[in-house]
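*Asks:* Handing you this structure, nothing more for now.
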Amino acid sequence: MKRIALLGAGFAYMVLLIEALRAAVTWWQGELPQPGWTDMALIAVLPVLIWIWWRYLSPFGKDCQKCALPPEPGRRP
């Protein structure tokens, strides 16, 4: 049950991130002259979504130096 909940949360997060990016790009390009409240809410929450992505989900986030280090000499992986 926990796995299904995590998959559902991950799916919801990715849909929210993609929709926020879509709304921000259309607003930035001027194709959205009068954005609705949902578009403005998505644009407002976009920095938080990007921070979550960069901090916890991206390979460049937290502890990225540990992942990039070569193995120590004499130790087998």
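The values are calculated or read from the model by the stated rules, or taken from the named source; none is laboratory data. Fair warning: this is a prediction, and the values are worked out from it, not measured in the lab. Neighbour counts run over all protein chains shown; Cβ positions are idealised from the backbone, glycine included. What goes into the accessible areas is simple: the full protein's heavy atoms, side chains included, and nothing from ligands, DNA or RNA. Shrake-Rupley method; radii C 1.70, N 1.55, O 1.52, S 1.80 Å.
*Asks:* What per residue convex hull volume, in Å³, comes out for segment 1-64 when only alpha-carbon positions are used? Before the final figure, lay out each step's value.
*Replies:* Numbers: hull volume 5.7 nm³, N = 64.
In segment 1-64, the Cα hull volume divided by residue count equals 89 Å³.
*Asks:* So between E72 and L32, what do we pick up on full extension, going 0.36 nm a residue minus the alpha carbon distance?
*Replies:* Details: separation 40, 0.36 × 40 = 14.40 nm, distance 5.38 nm.
That works out to 9.0 nm of additional length.
*Asks:* What distance in nm separates the two pseudo spin-label positions at V45 and A9, each 7 Å out from Cα along the beta-carbon direction?
*Replies:* 1.5 nm
*Asks:* Tell me, in nm to one decimal, what length is gained between V25 and S58 on full extension, where the rule is 0.36 nm per residue of separation less the Cα-Cα distance? Provide the component values of the computation, followed by the final result.
*Replies:* Details: separation 33, 0.36 × 33 = 11.88 nm, distance 2.13 nm.
Separation in residues times 0.36 nm, less the Cα-Cα distance, equals 9.8 nm.
*Asks:* Okay, moving on. Using a 1.4 angstrom probe on heavy atoms only, work out the carbon and sulfur share of the accessible area of segment 1-46 in %. Walk me through the numbers before you get to the answer.
*Replies:* Numbers: 2700 of 3660 Å².
Within segment 1-46, the accessible surface is 74 percent carbon and sulfur.
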